[in-house]
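Here is the structure we will look at, set down as structure tokens.
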Amino acid sequence: QVQLVESGGGLVQAGGSLRLSCAASGRTETTQAMGWFRQAPGKEREFVAAIRWSGGSAYYADAVKGRFTISRDNAENTVYLQMNSLKPEDTAVYYCAAKSTRIGIDRYEYDYWGQGTQVTVSS
């Protein structure tokens, strides 16, 4: 089992920045990739970004490319999502997820999920 705890959400004005953190614990040695997803009211959960746990490859959704950056600190078992130039349409609950297979964007392939953190961007 892997436990994930997100933090860093909040209320920010359009154009502002936030950094989300996801602390992993438990059997993290089984983790191959970590991802961030988000879910706005009335919408399905969607992919935001993913990173290979060992480093290297990172994937981004088109909607956040150039504005968001995913990174990880293996020593701290923590994944980050730096969000810049935030827009009202980025408002959602953001979830951290972990998978024991190769990096991917399909939420159904992720094995473990955090409880989510709310990000609200005002116009």
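The values are calculated or read from the model by the stated rules, or taken from the named source; none is laboratory data. From a predicted model like this one, the values you see are computed outputs, not experimental measurements. When we count neighbours, we look across all protein chains shown, and the Cβ atoms used for this are built from the backbone with ideal geometry, even at glycine. Each accessible area value is taken on the protein alone, full model and side chains, heavy atoms only, with ligands, DNA and RNA left out. Shrake-Rupley method; radii C 1.70, N 1.55, O 1.52, S 1.80 Å.
Of all residues in the range 79-113, those satisfying the criterion of being polar (S, T, N, Q) and modelled with pLDDT of 95 or more are Gln82, Asn84, Ser85, Thr91. Restricted to the range 65-107, the set of strands (runs of 3 or more DSSP E) holding at least 1 residues that are touching a residue at least 60 places away in the same chain (Cβ under 8 Å) comprises 78-83, 92-99. Summed over the range 42-55, residues that are more than 14 Å from Val79 (Cβ to Cβ) and part of a loop (DSSP other than H, G, I, E, B) total 4.
Please specify each residue of the range 108-117 satisfying the condition of being assigned to a loop (DSSP other than H, G, I, E, B), open to solvent by 40 Å² or more (accessible area, probe 1.4 Å) and either closer than 17 Å to Ile70 by Cα or out of contact with any strand residue (DSSP E or B) (no Cβ under 6 Å at 6 or more places or on another chain) (or both). Within the range 108-117, Gln115 is the sole residue that qualifies. Counting the residues of the range 47-58 that are open to solvent by 60 Å² or more (accessible area, probe 1.4 Å) and not charged (D, E, K, R) gives 2.
State whether the residues of the range 16-29 include one that is closer than 15 Å to Thr69 by Cα, of a type outside the set (A, V, I, L, M, F, W, C), over 16 Å from the mean Cα position of the chain (by Cα) and not in a strand (DSSP E or B). Yes; the residues of the range 16-29 include at least one that is closer than 15 Å to Thr69 by Cα, of a type outside the set (A, V, I, L, M, F, W, C), over 16 Å from the mean Cα position of the chain (by Cα) and not in a strand (DSSP E or B). Filtering the range 91-100 for residues that are open to solvent by 60 Å² or more (accessible area, probe 1.4 Å) and out of contact with any helix residue (DSSP H, G or I) (no Cβ under 6 Å at 6 or more places or on another chain) leaves an empty set. What about Ala98, is it aliphatic (A, V, I, L, M) and in contact with a strand residue (DSSP E or B) (Cβ under 6 Å, 6 or more places away or on another chain)? Against the criterion (aliphatic (A, V, I, L, M) and in contact with a strand residue (DSSP E or B) (Cβ under 6 Å, 6 or more places away or on another chain)), Ala98 qualifies. Taking Thr120, is it in a strand (DSSP E or B), surrounded by fewer than 20 Cβ atoms within 10 Å (Cβ to Cβ) and either over 12 Å from the mean Cα position of the chain (by Cα) or free of Cβ contacts under 8 Å to residues at least 12 places away in the same chain (or both)? So Thr120 fits the description; yes. Do we have any residue at all in the range 59-73 that's open to solvent by less than 50 Å² (accessible area, probe 1.4 Å) and closer than 13 Å to Gln32 by Cα? For the range 59-73, residues open to solvent by less than 50 Å² (accessible area, probe 1.4 Å) and closer than 13 Å to Gln32 by Cα: absent.
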